[in-house]
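Worksheet: the structure to be examined is printed underneath.
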Amino acid sequence: MLEIKNLHVYYGQIHALKGVSFVVRKGEIVTLIGGNGAGKTTTLKTISGLIPLKEGEILYQGESITGVKAHDLVSQGLVQVPEGRHVFPSMSVQENLDLGAYTRKDKKAVKEDLDKVFHLFPRLKERRQQLAGTLSGGEQQMLAMARALMSSPKLLLLDEPSMGLAPLLVREIFNIVTEINSTGVTILLVEQNANMALSIANRGYVIETGRVVLEGEAASLAANEAVKKAYLGG
Amino acid sequence: MAPLCLIKKEGVEMGLFIQQIVNGIALGSIYALIALGYTMVYGIIRLINFAHGDIYMLGAFVGYFALTTYKLPFGVSLALAMLIPALLGMLIERVAYRPLRKAPSIAVLITAIGVSLLIENLAMLWFSPDPRPFPQIFPLRPLELSGIRVSIPQVIVFITAVILMMALNFLVQKTKVGKAMRAVSQDKEAASLMGIDINRIISLTFALGSALAGAAGVMVGVIYPRIQPLMGVMPGLKAFVAAVLGGIGSIPGAMLGGLIMGLTESLVTALISSTWRDAIAFSLLIVILLVKPTGILGKSMREKV
Ligand SMILES: Nc1ncnc2c1ncn2[C@@H]1O[C@H](COP(=O)(O)OP(=O)(O)O)[C@@H](O)[C@H]1O
Ligand SMILES: [Mg+2]
């Protein structure tokens, strides 16, 4: 579904990604784990077309999307929930969801998706008219995910959905990620919370200072001594 | 006897006062139309488009030529005086501002001033610097309403401005493209992740703001029938002040700021002196910004993260 080949990205002089390669197959949950500043967000932004790449190639559904503009990828089903939620603070929950469906013309299917999204996140339905900026952190994360679902994603990129959330809420969010995946949406999940991420993923990649240093089945990564030491708290 | 005299005098002053309020509202709705363009552009790309006053001037000239040279009906002339400035606004954004989107703000500021001077000088070259009389399409005969005189041009200006502002409000609040405009102004990166073509929305914002300024150019011709290539400088500045006064980036703020500006100017002229008009108008800005630095309806910079 997604194939990243030898990705190099710079911020001015800073060489942020130094040859990142990985694949995500249809139907999978793949996680990209690594510490702060490893290059996870940069990877996702580059895939979404928000940052230009210096070298390498990105294939989505077998075709190169290198250089395709961010806004043109959404209608192809390549959708991202950015780090830090980035809901539109001065707009209502409903308006945020409407914007998720911005590129879609099939009104009837959009309406159905709205019902599905409210079924998945009942709390958002209660707060339809509330301004997104006044929601709690957990509710904003749910809104960001709900908004992305309104884009009708085939591949969903999630950047640290658990960031700053209480453990109970993290569990809830991860359950929802699994549920979304079970409806046929392929997922690339970026996390610092490696424990949780590996518990729901099929496979994982460990990224350090702009390079993939380890990869494998989620279970075997979770059992790996080096991974345990660096990311799983011993 | 004395008290009666006083009452009579007060009556006269009250009449004058209300008369000036009427004039101030008409003038204020013109400032509001111009201020909207400043505030919309600022809201979406944090840029003060100093060429905006000149776009208003262009609107007046397009209206002038449409009405005189081509003898078009008023409605058609007004539409053209909105359309041509809209296209010019888009062109300016595309050619002058977009390449500088990531440049330091001082470079953008200098460019904006440069664009303004360019338009003014081209206008003097093409239209000649001499003032021209704007054709009088509406009868000047005033309507008397219990002692208050409202001229028909004033009524036309006010109604047109209100219709345009209501249309803008509907567009921004209720339509899909309006939602996209608000999304881009709140968070550009998130907006592109929704599939919104940011450049298209910015372009459209310039078009809308410039169209309203163009309409204001025709409106001013209707009330003060003299136009010339530098006519945009002072009203441009004042409308900018109005936008800051109302809270730059806020659409209702621009409407309110424009109205306050027009009323202040008109009342100061009548009750104090026209020499003090601009000084007091600008002092008002300073006072309001000292009390509320973000303007009357401006949002505080603190946003929930
Ligand atoms: N806008 C930016 N300008 C300059 N450097 C940046 C920028 N964003 C990220 N970086 C740098 O790129 C590297 C990778 O950052 P990022 O992708 O955000 O890491 P992660 O998401 O894994 O925490 C870091 O060294 C970071 O400092
Ligand atoms: Mg990150």
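For residues in segment A:3-45 being over 14 Å from A:Gln80 (Cβ atoms) and basic (Lys, Arg), which is farthest from ligand 2 (Cβ to nearest atom)?
This residue is A:Lys26.
Listed here are the residues, each with its yes/no results for (1) within 14 Å of another protein chain (Cβ to nearest Cβ); (2) in contact (Cβ under 8 Å) with a residue 12 or more places away in the chain.
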{"position": "B:Glu120", "(1), (2)": "no, yes"}
{"position": "B:Ala123", "(1), (2)": "no, yes"}
{"position": "B:Phe134", "(1), (2)": "no, yes"}
{"position": "B:Phe138", "(1), (2)": "no, yes"}
{"position": "B:Met165", "(1), (2)": "no, yes"}
{"position": "B:Val172", "(1), (2)": "yes, yes"}
{"position": "B:Arg182", "(1), (2)": "yes, no"}
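Name the single residue, out of those in segment A:138-165 being small (Gly, Ala, Ser) and either within 16 Å of ligand 2 (Cβ to nearest atom) or more than 11 Å from every other protein chain (Cβ to nearest Cβ) (or both), that is surrounded by the fewest Cβ atoms within 10 Å (Cβ to Cβ).
For segment A:138-165, the residue satisfying everything is A:Gly164.
How many residues are away from ligand 2 (no atom under 16 Å from the Cβ), open to solvent by less than 20 Å² (accessible area, probe 1.4 Å) and either among the charged types (D, E, K, R) or under 20 Å from A:Ile47 (Cα atoms) (or both) when one looks only at segment A:178-200?
Of the residues in segment A:178-200, 3 are away from ligand 2 (no atom under 16 Å from the Cβ), open to solvent by less than 20 Å² (accessible area, probe 1.4 Å) and either among the charged types (D, E, K, R) or under 20 Å from A:Ile47 (Cα atoms) (or both).
Just checking, how many residues over segment A:47-100 are surrounded by 21 or more Cβ atoms within 10 Å (Cβ to Cβ), away from chain B (no Cβ under 13 Å) and among the hydroxyl-bearing types (Ser, Thr, Tyr)?
The total comes to 1.
Go through segment B:184-199 and give me each residue that's polar (S, T, N, Q) and at the interface with another protein chain (Cβ under 7 Å from one of its Cβ atoms).
B:Gln186, B:Ser192
Could you check segment A:132-185 and list, in sequence order, the residues that are within 16 Å of ligand 1 (Cβ to nearest atom) and touching a Phe, Trp or Tyr at 6+ places or on another chain (Cβ under 9 Å)?
A:Pro161, A:Ser162
Scan segment B:54-66 and give yes if some residue there is under 30 Å from B:Gly147 (Cα atoms) and at pLDDT 95 or above, otherwise no.
Looking for residues that are under 30 Å from B:Gly147 (Cα atoms) and at pLDDT 95 or above, one finds none in segment B:54-66, hence no.
In segment A:197-216, which residue that is of a type in the set (Ser, Thr, Tyr) and modelled with pLDDT under 95 is farthest from A:Asn181 (Cα to Cα)?
A:Thr209
Would you mind telling me which numbered condition in (1) closer than 23 Å to A:Tyr205 by Cα; (2) more than 16 Å from ligand 1 (Cβ to nearest atom) A:Gly100 fails?
(1)
Please go through segment A:46-86 and pick out each residue that is within 16 Å of ligand 2 (Cβ to nearest atom), touching a residue at least 24 places away in the same chain (Cβ under 8 Å) and not β-branched (Val, Ile, Thr).
Correct list: A:Ser48, A:Gln80, A:Pro82, A:Glu83, A:Gly84, A:Arg85, A:His86.
The values are calculated or read from the model by the stated rules, or taken from the named source; none is laboratory data. Everything quoted here is computed from the prediction, not taken from an experiment. Don't worry about glycine lacking a Cβ; one is built from the backbone with ideal geometry, like all the others, and counts go over all protein chains shown. Quick note on the areas: whole protein, heavy atoms, side chains included, nothing else; ligands and nucleic acids left out. Shrake-Rupley method; radii C 1.70, N 1.55, O 1.52, S 1.80 Å.
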